[in-house]
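Here's the structure, in structure tokens; my notes come after.
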Amino acid sequence: MSEAAAIAISPSRRILLLVPLLLSTTLGMINQTNVVVALPHMQGTFSATREQIAWVLTSYLVTVTILTASTGWIGARFGRKQVYVAALAGFGVTSALCANAPTLEAEVLFRLLQGVAAGPIFPVTQSILLDVYPKDRHGEALGLWGVSITIGPVLGPILGGM
């Protein structure tokens, strides 16, 4: 988006875009750490060893990392908005699947798919924010985005333990 287009967006519209973008980023980050509290319970439920249950966390983190790195190409090919909407929908579906996984293998698979869905959320939200904020306010936008990234891992274990 050009500088003129970014300035043409009203402050109220920017806020309407900012809130869901930051919330989705925070949610994706919460999901990286919320399962840590549940791992011992899951280990007992699935009769898994420590090494086996570690895959619940590892599968998500690895796929998030891989998809984050390839999101620029995916966003250019399919459009940022489409990638963002698909990522959020996929994240919602895979979250429901994770919550209802009947076996450890299913949980690991669903967490892997959840990572595929969550990976694009972080770079796409950042790109959209930079598109809708004028260049002289990029620092503000990235600062708010940074807070959303930082608070998620802190909230994860708290919310995961509820």
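The values are calculated or read from the model by the stated rules, or taken from the named source; none is laboratory data. Because the structure is a prediction, the values reported are computed rather than measured. Glycine also receives a Cβ, built like all others from the backbone with ideal geometry; neighbour counts cover every protein chain displayed.
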**Asked** Which of the residues spanning region 69-102 are under 30 Å from Phe46 (Cα atoms), of a type in the set (A, V, I, L, M) and modelled with pLDDT of 95 or more?
**Response** Ala87, Leu88, Ala89, Val93, Ala96, Leu97, Ala101
**Yes/no for Val116 being assigned to a helix (DSSP H, G or I), of a type in the set (A, V, I, L, M, F, W, C), surrounded by 14 or more Cβ atoms within 10 Å (Cβ to Cβ) and in contact with a Lys or Arg (Cβ under 9 Å, 6 or more places away or on another chain)** = no
**Candidates Gly75, Gly28, Gly44, filtered to the one that is farther than 20 Å from Ser148 by Cα, part of a helix (DSSP H, G or I) and touching a helix residue (DSSP H, G or I) at 6+ places or on another chain (Cβ under 7 Å)** = Gly75
**Prompt:** Picking from Ala141, Ala96, Ala106, Ala101, which residue would you name as being farther than 14 Å from Thr68 by Cα, out of contact with any helix residue (DSSP H, G or I) (no Cβ under 7 Å at 6 or more places or on another chain) and surrounded by 13 or more Cβ atoms within 10 Å (Cβ to Cβ)?
**Reply:** Ala106
**Request:** Specify the residue that is surrounded by the fewest Cβ atoms within 10 Å (Cβ to Cβ); the eligible residues are those in region 29-85 that are among the basic types (Lys, Arg) and either farther than 19 Å from Pro157 by Cβ or touching a Phe, Trp or Tyr at 6+ places or on another chain (Cβ under 7 Å) (or both).
**Result:** Arg77
**Message:** Consider region 96-116. How many of its residues are in contact (Cβ under 8 Å) with a residue 40 or more places away in the chain and either among the aromatic types (Phe, Trp, Tyr) or under 21 Å from Thr150 (Cα atoms) (or both)?
**Reply:** 3
